Amino acid sequence: MIFGLNKNTIQYNTIQMTFFAEEFNGKMLTPDVNKQELEHLYKEAWDLFSVYFSPESPDKINFSEQIVTEMHAGTPLLLFS
């Protein structure tokens, strides 16, 4: 167990985050994203951070501190590209 999470929970969270990241990347790579869609993507990115990267989240995945800092700072990146 890591920080009260069992191995199955960590694996489930990792799979869920991977699917979310793949879907997010596909949307970000769409060349004709309008302003409203872009604002929605920023919200999705924050939701992604809040659920899987935030140290306070019960569903967090233990990413390196550098990755968490980059995500929190809004550093542009494509997840798992």
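The values are calculated or read from the model by the stated rules, or taken from the named source; none is laboratory data. It should be emphasised that the depicted structure is a prediction, and the values quoted were computed from it without experimental measurement. Don't worry about glycine lacking a Cβ; one is built from the backbone with ideal geometry, like all the others, and counts go over all protein chains shown.
Below are the figures for this structure:
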read-out	value
Conditions (1) surrounded by 12 or more Cβ atoms within 10 Å (Cβ to Cβ); (2) at pLDDT below 80: number failed by N25	(2)
Count - residues of the stretch 36-67 that are in a helix (DSSP H, G or I), touching a Ser or Thr at 6+ places or on another chain (Cβ under 8 Å) and among the hydrophobic types (A, V, I, L, M, F, W, C)	1
From T14, T9, T18, residue being touching a helix residue (DSSP H, G or I) at 6+ places or on another chain (Cβ under 9 Å) and either surrounded by 12 or more Cβ atoms within 10 Å (Cβ to Cβ) or at pLDDT 85 or above (or both)	T14
